[in-house]
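The structure appears right after this line, and notes come after that.
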Amino acid sequence: MVGRKANAWAARDSTGHLSQYSFHLRDTSSEDMVLRVLYCGIDHTDLHQIRGELISNTKYPMIPVHEVVGEVIELGSDVKKFSLGDIVGVGGIVGSCGECSLCKSNLEQYCSQRILPYNDIYKDGTPTQGGFSSNMVVHQRFAVKIPEKLAPEQAAPLLCAGVTAYSPLKQWMGSNKNVQGGIMGLGGVGHLGVKIAKAMGHHVTVISSSNKKRKEAMEDLNADVFLVSTDEDEMRKAANSLDYILDTVPVFHPLQSYLSLLKTQGKFILVGAPQQPLEIQAGVMIAGNKTVTGSFIGSMKDVQELLDFWAGKGMTTMIEVVKMSYVNKAFERMEKNDVRYRFVLDVAGSNLE
């Protein structure tokens, strides 16, 4: 099947300004599907990508975003997982080698040949393009089924931000002890981390540098404790109290005082990606047998688990739905942290021409 023409919004240079654009989708194989894009979530990674701030060989024109919900409108002859009309999601990767031990162990997000949804290259040499488009082509292995109980716009933030929190936290799911968890940062990933940890039955402490978000953490997200990291007395009282800290903060911050909050054998999990190096002192790690680790999005299995978990518990994401004509303003507001907590673009309901 020859690639069809699609309408989109793209960045053409490092200003990151998005405008209307048309292109041809890549040719489809027997295991590919064509989607009519319905909704897309956006996050800080998209902002950095369109500005060329993450890698040196940024490719323009660039159609961004990787939290994509769409309707299946064409199926390759070997697609068995999905049917026409299914509502599916596409997240942080759209390809991998499929042969290595990681790919065969539901860890394909760590495959050295993983393919990102945009600003990357498919195996046939064509550039990947993201979800700000009327249509998208995806291999069946890298799509998940959106549960019927979950509205498509509600599902979008779960496909990357949500699974970024869920994947490292699920190791404590079903624990027979009272898990004490900490969440740093109340942005797109952080607020979902709080909701997921609470749904797993954890006692959740939100850690912030000021009191500004206390009310929303405690009342909107039902956190159990709000801890101000700049309050030395509060931090001292909370020392050695947490089994884990999920650090979602995407800008530089010193880690040492936060590590003191962990219990012996506690885990500090990095999912935010500051551009500057982070520093730790070895002593507190050694004396407490503590671990600093990282986690990258989640596997396709993780994404499907999260969607089913979320729908099964009747949970909702906290989103602001806007049209594509508002996208540049949405990025401006997101950079200022002026969204609670995720913008979702109504692609199908927007004029892309």
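Structural remarks
- Candidate set from segment 267-325 (those that are among the hydrophobic types (A, V, I, L, M, F, W, C), in a loop (DSSP other than H, G, I, E, B) and open to solvent by less than 60 Å² (accessible area, probe 1.4 Å)); member that is nearest to P157 (Cα to Cα): M318
- Residues satisfying the stated conditions in segment 146-155, i.e. surrounded by 18 or more Cβ atoms within 10 Å (Cβ to Cβ) and not in a helix (DSSP H, G or I): I146, L150
- Taking segment 78-132 as the range and being farther than 20 Å from A6 by Cβ, open to solvent by 10 Å² or more (accessible area, probe 1.4 Å) and outside any loop (DSSP other than H, G, I, E, B) as the test, the residues that pass are K104, S105, Y110.
- Top-ranked residue of segment 248-276 - restricted to ones that are small (G, A, S) and either closer than 30 Å to I55 by Cβ or touching a Pro at 6+ places or on another chain (Cβ under 6 Å) (or both), ranked as modelled with the lowest pLDDT: A273
- Subset of segment 161-180 that is open to solvent by less than 10 Å² (accessible area, probe 1.4 Å) and of a type in the set (A, V, I, L, M, F, W, C) - its residue that is nearest to the chain's Cα centre (by Cα): A161
- Some residue of segment 189-199 being farther than 21 Å from R333 by Cα, out of contact with any Leu (no Cβ under 9 Å at 6 or more places or on another chain) and open to solvent by 20 Å² or more (accessible area, probe 1.4 Å): yes
- Residues of segment 56-75 satisfying the condition of being open to solvent by less than 10 Å² (accessible area, probe 1.4 Å) and either in a loop (DSSP other than H, G, I, E, B) or of a type in the set (D, E, K, R) (or both): I63, P64, V65, E67
- The residues of segment 217-253 that are in contact with a Lys or Arg (Cβ under 7 Å, 6 or more places away or on another chain) and open to solvent by less than 30 Å² (accessible area, probe 1.4 Å), listed by number, are L221, F226, L242, D243, Y244.
- Residue that is farthest from K170 (Cα to Cα), among those in segment 239-265 that are β-branched (V, I, T) and in a strand (DSSP E or B): T264
- Across segment 176-198, the number of residues qualifying as of a type in the set (G, A, S), modelled with pLDDT of 95 or more and not in a helix (DSSP H, G or I) comes to 2.
- Residue identified as touching a Phe, Trp or Tyr at 6+ places or on another chain (Cβ under 8 Å) and under 16 Å from I42 (Cα atoms) among V339, V347: V347
- Residue pairs whose Cβ atoms lie under 8 Å apart, sitting 6 or more positions apart in sequence or on different chains, and linking a residue in segment 242-270 that is under 22 Å from K198 (Cα atoms) to a partner that is of a type in the set (D, E), are Y258/D247; L262/D243; K263/D243; G266/D243; K267/D243; F268/D247; I269/D247; L270/D247.
- Some residue of segment 165-185 being without any contact (Cβ under 8 Å) to a residue 24 or more places away in the chain, among the β-branched types (V, I, T), in contact with a strand residue (DSSP E or B) (Cβ under 7 Å, 6 or more places away or on another chain) and at negative phi: no
- Residue match in segment 2-14 (condition: under 23 Å from C160 (Cβ atoms) and in a helix (DSSP H, G or I)): no
- Qualifying residue in segment 202-209 (condition: in contact with a helix residue (DSSP H, G or I) (Cβ under 6 Å, 6 or more places away or on another chain) and among the polar types (S, T, N, Q)): no
- Selection status of S30, surrounded by fewer than 17 Cβ atoms within 10 Å (Cβ to Cβ) and under 29 Å from G298 (Cβ atoms): yes
- Some residue of segment 37-55 being in contact with a strand residue (DSSP E or B) (Cβ under 9 Å, 6 or more places away or on another chain) and surrounded by fewer than 16 Cβ atoms within 10 Å (Cβ to Cβ): no
The values are calculated or read from the model by the stated rules, or taken from the named source; none is laboratory data. Please read all numbers here as calculations on a predicted model, not as lab measurements. Don't worry about glycine lacking a Cβ; one is built from the backbone with ideal geometry, like all the others, and counts go over all protein chains shown. The protein model used for the area step is the full one, side chains on, heavy atoms only, and it has no ligands, DNA or RNA in it. Shrake-Rupley method; radii C 1.70, N 1.55, O 1.52, S 1.80 Å.
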